[in-house]
Amino acid sequence: MIESLQSPHVGRVKALIGSRGSKERSDSGLFVAEGIQSLREALASQTGPAIETLYLSPAGATRIGKQDISEVNVIEVSDPVMQEMASTVTPQGILMLCSIPAYSLTKLNVAPESFVIYLDRIQDPGNAGTILRSADAFGARAVITSPGSVDMYSPKVVRSTAGSLWHIPVFEALELKDLITHIDKAECIVLSSHASESIVNFRSSAPCIAIFGNEGAGTSTNQLAINARTVAIPMSGQAESLNLSAAASIVMFTLSQSSRG
């Protein structure tokens, strides 16, 4: 069992979640995930991020129950060491180093009735993680981020996905024009409060790329240099706008319920 706070293992984990964590994650191809839910999803997933190392404290060992970790590289650590490594205030005693998958756009199966999510310069980790979770729930085929968007493997994003990171492919720092070349006859939609077309009435026989812009600046078809349909969420109350992740979830639910044929 590792009991020293100066252990190289502690330094390795802290580097991945620290202020320069994004570069460390990019260089190493690894990210940190915590908690029993992430462990369950990682063990069950065939295509998502694989576990490189599982750190367990005595408290964490009592939580894993009947989870089969016989094929996993497990390192036991003391509770103080786990507290030092974890990014959460009250860690569950379960922390993993996982590999960042190298998904291929050429293998992405996007049928005419399906949709993918494109996040244009999204900055808030909570929004990004919640949108990915909703994308998983409503059947999106992938989540793609633009250059300049939040790191999808940062600790806050990973926690916000609530395990959905293991269910849906994520592509980072991809220009929209490059995504469009991989999806034949794709139709892009952009959410806008000024649009005359309601998302409820949106119909298309082509695959859909649903684009959501920066929390403050938003996005526009001019910025993206594409032709896109703008759609709005009809609201009968007095709120001026919706939180980005809430709006995105409504759009995805609507797309999932429509045949769009």
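Quick notes
- When the stretch 9-36 is filtered for residues that are surrounded by 16 or more Cβ atoms within 10 Å (Cβ to Cβ), within 16 Å of the chain's Cα centre (by Cα) and in a helix (DSSP H, G or I), only ARG25 remains.
- The set of residues from the stretch 165-195 being charged (D, E, K, R) and on the phi > 0 side of the Ramachandran plot comprises just one member, LYS185.
- The stretch 106-160, residues that are surrounded by fewer than 21 Cβ atoms within 10 Å (Cβ to Cβ) and of a type in the set (A, V, I, L, M, F, W, C): LEU108, VAL110, ALA111, ALA137, PHE138
- Residue check for ALA128: over 22 Å from GLY35 (Cα atoms) and touching a helix residue (DSSP H, G or I) at 6+ places or on another chain (Cβ under 9 Å): no
Yes or no, residue by residue, for (1) in a strand (DSSP E or B); (2) modelled with pLDDT under 80; (3) within 25 Å of LYS107 (Cβ to Cβ); (4) among the charged types (D, E, K, R):
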| site | (1), (2), (3), (4) |
| --- | --- |
| ASP184 | no, no, yes, yes |
| ARG203 | no, no, no, yes |
| GLY216 | no, yes, no, no |
| VAL231 | yes, no, no, no |
| GLN238 | no, no, no, no |
| LEU242 | no, no, no, no |
| ARG260 | no, yes, yes, yes |
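- Tallying residues that are among the hydroxyl-bearing types (Ser, Thr, Tyr) and over 10 Å from the mean Cα position of the chain (by Cα) within the stretch 114-171 yields 4.
- Residue list for the stretch 53-86, filter: in contact (Cβ under 8 Å) with a residue 60 or more places away in the chain and either among the aromatic types (Phe, Trp, Tyr) or loosely packed, with under 14 Cβ neighbours inside 10 Å (or both): PRO80
The values are calculated or read from the model by the stated rules, or taken from the named source; none is laboratory data. Quick caveat: nothing in here was measured; it's all calculated off a predicted structure. Cβ sites come from the backbone with ideal geometry, for glycine too, and all protein chains shown count toward neighbours.
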